[in-house]
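The values are calculated or read from the model by the stated rules, or taken from the named source; none is laboratory data. Just so it is clear, the model here is predicted, and its values are computed rather than measured. All Cβ positions, glycine included, derive from the backbone under ideal geometry; neighbour counts span all protein chains shown.
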Amino acid sequence: MKLAVGYEMTYQCPQPTPMILLLNIHYTRVCDLVVADQIVINPQVPVTAYRDGFGNWCSRIVAPPGLTTLTTSATIHDSGLPDPVVPAATETPVEQLPDETLVFLLGSRYCETDRLLGIAWQLFGAVPPGWSRVQAICDFVHRQITFGYEHARPTRTAWEALNERQGVCRDYAHLAVALCRCMNIPARYCTGYISDVGEPPPYGVGDFAAWFQAYLGGQWYTFDPRNNVPRIGRVLLGWGRDAADVAIATTFGPNTLVGFKVWTDEIPEPAALPATA
């Protein structure tokens, strides 16, 4: 299937404001792009780009005083299949983990493994290791946190989400990531688009989503404690240790987000022509 994805965001800045934008589809999905997700900026400003330490594609701009609107509209092929479920996937002992996974075992800005270590082992130490343990963590987080956009707070950590029992998708992901790391399972925070394909209506307002990947059986698998069911049409923008690494916009100066729209829509396939004699 094909998905139409994109966004329109408008910032109001009182002065020239440097920004780092993580708004391009991840390199692992570039071969699926039918129409590229080029960032269009109004008013036009110079743009430079670089890859960060995790391989994410980032853009740098200086937004001028006044209103600056960022938009993109892209088309991407998708398998149409839900996130894979592999119950036989096993944990890898720490001493055998690839070097590049080790950073995703450590505590980070929003994932305080030191505060959650004892709780994690108390809750999940007796759960069979591997896929079942990560899923048990997702089940716990899904029950523990009540979702609501009114609960959003950019400073909330995994420890605070556990105790406040409310939040948005990033809080679910942070808590699950931290608990996995406490159990010696590498986990990395992900952000991107997610569609409503295959889901019953009513559909929520379009937004970017957060989930995470756990390293099991020698590869990374997707888990989503917010929805806690396999989803169709997930398009990655970036991954990192937590939300601080993959903020869609990091701004260096006062600003106000005055407009925000995100879409991830299935493009209907053209009807087949009737057969002719």
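Okay, here's what the table says:
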quantity	calculated
Residue in the range 216-234 that is over 30 Å from Thr101 (Cα atoms), surrounded by fewer than 23 Cβ atoms within 10 Å (Cβ to Cβ), in contact (Cβ under 8 Å) with a residue 12 or more places away in the chain and not hydrophobic (A, V, I, L, M, F, W, C) present	no
Count of residues meeting criterion [surrounded by fewer than 12 Cβ atoms within 10 Å (Cβ to Cβ), of a type in the set (A, V, I, L, M, F, W, C) and either more than 17 Å from Ser132 (Cβ to Cβ) or free of Cβ contacts under 8 Å to residues at least 12 places away in the same chain (or both)] in the range 79-101	1
Some residue of the range 26-37 being under 22 Å from the mean Cα position of the chain (by Cα), assigned to a loop (DSSP other than H, G, I, E, B) and either of a type outside the set (A, V, I, L, M) or crowded, with 18+ Cβ neighbours inside 10 Å (or both)	yes
Residue in the range 46-56 that is at negative phi, at pLDDT 95 or above, surrounded by 15 or more Cβ atoms within 10 Å (Cβ to Cβ) and in a loop (DSSP other than H, G, I, E, B) present	yes
Lone qualifier among Val235, Val205 - being part of a loop (DSSP other than H, G, I, E, B), under 17 Å from the mean Cα position of the chain (by Cα) and more than 21 Å from Trp131 (Cβ to Cβ)	Val205
Single match in Val177, Val197 (criterion: under 30 Å from Ser73 (Cα atoms) and of a type in the set (A, V, I, L, M, F, W, C))	Val197
Residue, surrounded by the most Cβ atoms within 10 Å (Cβ to Cβ), within the range 114-139, restricted to residues that are charged (D, E, K, R) and touching a helix residue (DSSP H, G or I) at 6+ places or on another chain (Cβ under 6 Å)	Arg133
Lone qualifier among Glu95, Glu100 - being under 30 Å from Thr251 (Cα atoms) and part of a helix (DSSP H, G or I)	Glu100
Some residue of the range 38-57 being under 20 Å from the mean Cα position of the chain (by Cα) and aliphatic (A, V, I, L, M)	yes
Test for Ile76: is it surrounded by 18 or more Cβ atoms within 10 Å (Cβ to Cβ) and either at pLDDT below 95 or not in a loop (DSSP other than H, G, I, E, B) (or both)	yes
Some residue of the range 243-251 being crowded, with 23+ Cβ neighbours inside 10 Å and of a type in the set (Val, Ile, Thr)	yes
Residue in the range 166-183 that is part of a loop (DSSP other than H, G, I, E, B) and surrounded by fewer than 16 Cβ atoms within 10 Å (Cβ to Cβ) present	no
Selection from the range 167-185 of residues that are under 16 Å from the mean Cα position of the chain (by Cα) and at negative phi	Val168, Cys169, Arg170, Asp171, Tyr172, Ala173, His174, Leu175, Ala176, Val177, Ala178
Qualifying residue in the range 148-157 (condition: closer than 30 Å to Met1 by Cα and either at pLDDT 95 or above or of a type in the set (A, V, I, L, M) (or both))	no
Some residue of the range 60-67 being assigned by TED's automatic domain parsing to the domain that holds Thr17, surrounded by fewer than 18 Cβ atoms within 10 Å (Cβ to Cβ), in contact (Cβ under 8 Å) with a residue 60 or more places away in the chain and part of a strand (DSSP E or B)	yes
